[in-house]
Each structure stands twice: as structure tokens, then as C-alpha cells.
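*Asks:* There's a structure below that I have some questions on.
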Number of protein chains: 2
Amino acid sequence: MAEREVDRSVSQTVKAQLALRDQILSGVLRPGERISELQAVETTGASRTPVRMALVRLEEEGLLEAIPSGGFMVKAFSERDISDSIELRGTLEGLAARFAAERGVSARELEPLKECLAAIDELLRQVPISVDSFSSYVTLNARFHALLTELSRSPPLIRQIDRASALPFASPSGFVMAQSALPEAQQILIIGQEHHRVVIDAIENREGARAEAVMREHARLAVRNLRLALRNRTHLDLLPALALIKTATD
Amino acid sequence: MAEREVDRSVSQTVKAQLALRDQILSGVLRPGERISELQAVETTGASRTPVRMALVRLEEEGLLEAIPSGGFMVKAFSERDISDSIELRGTLEGLAARFAAERGVSARELEPLKECLAAIDELLRQVPISVDSFSSYVTLNARFHALLTELSRSPPLIRQIDRASALPFASPSGFVMAQSALPEAQQILIIGQEHHRVVIDAIENREGARAEAVMREHARLAVRNLRLALRNRTHLDLLPALALIKTATD
DNA sequence: TCGACTGCTATTGTATACATAACGTATTCA
DNA sequence: TGAATACGTTATGTATACAATAGCAGTCGA
């Protein structure tokens, strides 16, 4: 056996978790496929104990499923699972927006959100948007959603939203990328940005119901567009959902 | 050291997880307290590997918190954390009810729910309700909520609701028990039962918005009553939230 | 007397050896 | 020829040994 190269900069458990997640999301491990501990030990370079810890964490994260007779397999998702996950996240973000509005947010706390908004506005001014700008958009959008979640000041809710975002297709970046496969991508991004603008306005004016409603609409839009994107699969490589979709006839 | 008694009927990991959870919820381990692996090994009877697996799972469950420098501590919750968790669960159950209503549910699927409803009606006819009946109520209520969740037919949502219910005070049984500490407990149970009746009716008539609204109201009622119950702490032993509430001045 | 540095101890992180259970294959009997 | 059982192999579950780090205490120096 090859010598074990030990990287002490991060824990072996974390290293194994990252490596395995990458294998799952990149499609190296197919949905439904059983994960062999021994094989994972070889590909990650960690020993069995941290690998097992990583497997348990990935199961909790929702990427793996425990097999009753022992071991784990890569979880397979149906298209509906995916759209439900997005709507679920939208619902939670809606609650976060409502909490933020009802509990009040200082101008100072809102500042980073507005900066984010302005930066996205700047990007969207380009027609058509460049590839670089699009990738900046993905980052800024993720940041916007994270900041908004924080505004709720509710640790249990923030935690739950984080977990709901663990699935790549349910993360803000994930569904933006999926939408980019559509011809009307730019128009979609502009509508999304409008939602962002409305939710900030609603929070500022302490309109909880309106803040919640717009975030839910935001997610419903994402669901519709993901459905479309899955129909005409033009930019397959941009769809992080694909690696996890059930291939079985089921 | 005492001989290791090995119970082969359940896995050591599960045994350790149950034992540790019990210690946390019963208050043997105080909020904020660090959990020593060695100590956990002694009290659970499992060895370090399954104990560590159990600790990871309990962290994911939300009962423990990882300490940056290593190890785990019992998570401490504020009163707001608790009420937020309940509202969070209500929001998710609202979405489940909406899904059930919008996607349609056959009369046959609704049957168990209605049986549950009728059984609770029977119990509530007693004035005042007996202790035995109350404990039946807790079971039936938990069953009702579980069945309702299932009706959504959305595995991701069901999964998320399960996780949101992992915290004892956020589970249906938990907050019913908390409410029982109030003098107007019976009246509260009757209002809750009315909510149950409305949600079934809304699902039958495919009124998604109404189904969702009533479940959210259901949770908001629970939040209000939990707050009251925490004020006049009459039946402390019935409040599963207490073991986890921050004692620190914070 | 206070602060800093060094060494020790205790606890966690990691690796591996051992036990056990499950699955697959081959052989035998009906 | 097919089915069932037994045996062997492989993989997971468990235990424990080893390594490394963090925290604490004690001592020495300023």
C-alpha cells in the first residue's frame, strides 16, 4: 500500500467529508450506488474512523442514505424532490424575512444587503451578461440570501435554512445556475433582483407579510424555471441537480 | 473496570445515542456542559467509536454543539429559540398541509386522520380530563401530526419536519405537555382540536391556503401558551423545554 | 507580585486490529 | 435441472492502542 500522506492543516474527518461530497456532486459516485468504506478510505486518504464520521455527517446532510443491512448509498432524488426542496427553502426564507421585518432591523444592518443589491444591479446592466459577471452574480446572490437569513436573528431558523441549502440544487447558487440554462436567463435574473428589492423594502417598512410573500414567490419562480431548465437540457454541466436525479425508471 | 455487558439486540451506536439523549433531556447533563467521551463511554457501556458516532448524530440533531477546540457540549436554548422552533415547525407543517390539499388526498388516505380526530373528540368529552386520558391525548396528537405530515407525500419536507421535531419542546408531544401546565389547559386542547378539524376539512376541499393558514395558527397558539406556561411554572416536570433552557445570565 | 514560559496531564483525533454478519458461490441432493 | 444449504469471502460494526494537541499548573525571572 502507498504511504499515507497526512495533511495536518485540516482534520481528516473534514477532508474526507469534502472529498466524498465532491465525488457525489461531481457524479463520480452515481445515485443509488453503494459507498464502500474501503474504497472511500483509498480515495480520500483518511483512515476508516474519520471516513465513517464523514459518512454519518453526509447522511445527516441528506446526500447519503443508510442501508438497513449496513453501510450507505448515494441518495437519489426525483424531480419533484428537487422542486419541493426549493419551495421548502423559499418557505423558510420567507419566515426569515418575516422575522426580520417584524423584529425590526437597523439601517446599519441593512447596509450590506443594499450594497449587495447595488452590485447585482451593476452586473445586470450588461446585456448580454458575460460569463465572468454571471459567476459574480452567483456569488453575490448567495451572499444576499445568506445575509437575509441572518437578519432573522433566529439561530434555529438559520440552522434549518442552512440544512435545507445543503442539497446543491436547493442552494441559491444551485438554482441560479440551473436557470442560466434557459434562453430567457437574463430576464429571470432581473425579476429575481426585483424580488430582492421588494423584500428589503418590506423589511425596512416592517411589513412582515409582504416580506414573506415575496420570498415565497421568489422560490416558486425558481421552481418553475428549474422545471423548464430540466426540459430543455441545454447546459447540462450547469445543472448541479443532475448528478443526483434518479436515473431509475421507478 | 466492570465487565462490558454487550447487548446485541440493538447496535452500540443506537444504544449510545439513546442513552446520551436521555441524559440530556432528563437534565443529567446540564446545558452548556461539556460532554466527556470517556465519561460517556462509562455511562453508556459502548466503546469510544460508537459513542463518537452517537455524538455526531446528536450534534446534527441539534442537541449538542461542537466545541471548536474539540469535543461537544450540551446546547443551551433561549426562550426565543424555543418559540422560534415551534413557529418553524408550524410553518413546515403548514406547507405539508398545503401540499396535501393541492396535490389531492383520497378518502382512504384521510381515514386514519379522521379516526384520530374522533378518538381525541372522545377524550375531550371528559371534563376535567383524567391524567390517563391526557397521556392518550399526547400520543394521539403526535400521531395526528405525523399522519398529516405524511399526507404531503414530499420526502424532503417530511425529513425536514422530523428534524424540526427532534428538539423535545418543538415536538407535538412536547408543546402539548407544556400547555398542560396552564389552568385553561382543557380549553386550549379544545381549540387545538378545532384546528385539526379545520385542516382536514381544508384538505378535503383542496383549499391549500386555508390548510396552511390553520396549521400556522395552530403553532402560534402553541407559542403563546408555551410563553404563558413558562411564566407560571406550575408543572415543571411536564415541561420538556426546561432541561435545555439557558440558565446563564447571558 | 505579576507575568511568561515550560512541562505535564488529560482528552480528543486517528489508525488499525478484531469480531460479526451478510452475501455470493459452489456443491449436493431431490 | 433446480433448489437449498453450507462454506468462504468481504464488508461493516466495535474495540482499543497510539498520536497529538490543548489546557493547566508550577516555577522562574523581572
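The values are calculated or read from the model by the stated rules, or taken from the named source; none is laboratory data. What you are looking at is a predicted structure, and each value in this text was computed from that prediction instead of being measured. With ideal geometry, Cβ positions are generated from the backbone for all residues, glycine too; neighbour counts draw on all protein chains shown. Areas reflect the complete protein model, heavy atoms only, side chains present, ligands, DNA and RNA absent. Shrake-Rupley method; radii C 1.70, N 1.55, O 1.52, S 1.80 Å.
*Asks:* Quickly run through segment A:15-36 and pick out the residues that are touching a helix residue (DSSP H, G or I) at 6+ places or on another chain (Cβ under 6 Å) and either assigned to a loop (DSSP other than H, G, I, E, B) or not small (Gly, Ala, Ser) (or both).
*Replies:* A:Gln17, A:Leu20, A:Leu25, A:Gly27, A:Leu29, A:Pro31
*Asks:* Can you pull out the residues in segment A:46-74 that are more than 27 Å from A:Ile161 (Cβ to Cβ) and outside any helix (DSSP H, G or I)? Let's see the steps before the verdict.
*Replies:* To start, the set of residues in segment A:46-74 that are more than 27 Å from A:Ile161 (Cβ to Cβ) comprises A:46-52, A:67-71.
A:Ala46, A:Ser47, A:Ile67, A:Pro68, A:Ser69, A:Gly70, A:Gly71 - these are the residues of segment A:46-74 that are more than 27 Å from A:Ile161 (Cβ to Cβ) and outside any helix (DSSP H, G or I).
*Asks:* Please count how many residues of segment B:10-35 are closer than 19 Å to B:Ser69 by Cα and within 13 Å of DNA strand D (Cβ to nearest atom).
*Replies:* The qualifying residues number 1.
*Asks:* Would you mind stating whether A:Gly192 is of a type in the set (Gly, Ala, Ser) and over 30 Å from B:Thr149 (Cα atoms)?
*Replies:* The answer is yes for A:Gly192.
*Asks:* Regarding B:Ala142, is this residue touching a residue at least 60 places away in the same chain (Cβ under 8 Å) and of a type in the set (Gly, Ala, Ser)?
*Replies:* No, not satisfied.
*Asks:* Now, a different point. Can you find even one residue in segment A:183-196 that is in a helix (DSSP H, G or I), among the hydrophobic types (A, V, I, L, M, F, W, C) and open to solvent by 30 Å² or more (accessible area, probe 1.4 Å)?
*Replies:* yes
*Asks:* For segment B:80-167, please list each of the helices (runs of 4 or more DSSP H) lying entirely inside it that holds at least 2 residues being away from every other protein chain (no Cβ under 14 Å) and either over 28 Å from A:Leu95 (Cβ atoms) or open to solvent by 20 Å² or more (accessible area, probe 1.4 Å) (or both).
*Replies:* Here the list reads B:107-124, B:131-151.
*Asks:* Within segment A:54-66, can you find the residues that are open to solvent by less than 10 Å² (accessible area, probe 1.4 Å) and aliphatic (A, V, I, L, M)?
*Replies:* Result: A:Ala54, A:Leu55, A:Val56, A:Leu58, A:Leu63, A:Leu64.
*Asks:* So, one more: Quick one: how many residues across segment B:48-72 are within 12 Å of DNA strand D (Cβ to nearest atom) and in contact (Cβ under 8 Å) with a residue 40 or more places away in the chain?
*Replies:* Looking only at that region, the number is 3.
*Asks:* If you don't mind, another one. Starting from residues that are open to solvent by less than 50 Å² (accessible area, probe 1.4 Å) and aliphatic (A, V, I, L, M), keep the ones in segment B:67-79 and report whichever is nearest to the other protein chains (Cβ to nearest Cβ). Even if it seems obvious, please write down each step before you answer.
*Replies:* Going residue by residue through segment B:67-79, those that are open to solvent by less than 50 Å² (accessible area, probe 1.4 Å) are B:67, B:70-72, B:74-78.
Then drop every residue that is not aliphatic (A, V, I, L, M), which leaves B:67, B:74, B:76.
Numbers: B:Ile67: 13, B:Val74: 15, B:Ala76: 11 Å.
For segment B:67-79, the residue satisfying everything is B:Ala76.
*Asks:* Moving on. Scanning for something touching a residue at least 24 places away in the same chain (Cβ under 8 Å), buried (at least 22 other Cβ atoms within 10 Å of the Cβ) and either under 22 Å from B:Ser165 (Cβ atoms) or more than 11 Å from DNA strand C (Cβ to nearest atom) (or both), does segment B:30-45 turn up at least one residue?
*Replies:* The answer is no; no qualifying residue exists.
*Asks:* List the number of the failed condition for B:Pro112; all other conditions in (1) closer than 30 Å to B:Leu20 by Cα; (2) at pLDDT 95 or above hold.
*Replies:* Only one criterion is unmet by B:Pro112, namely (1).
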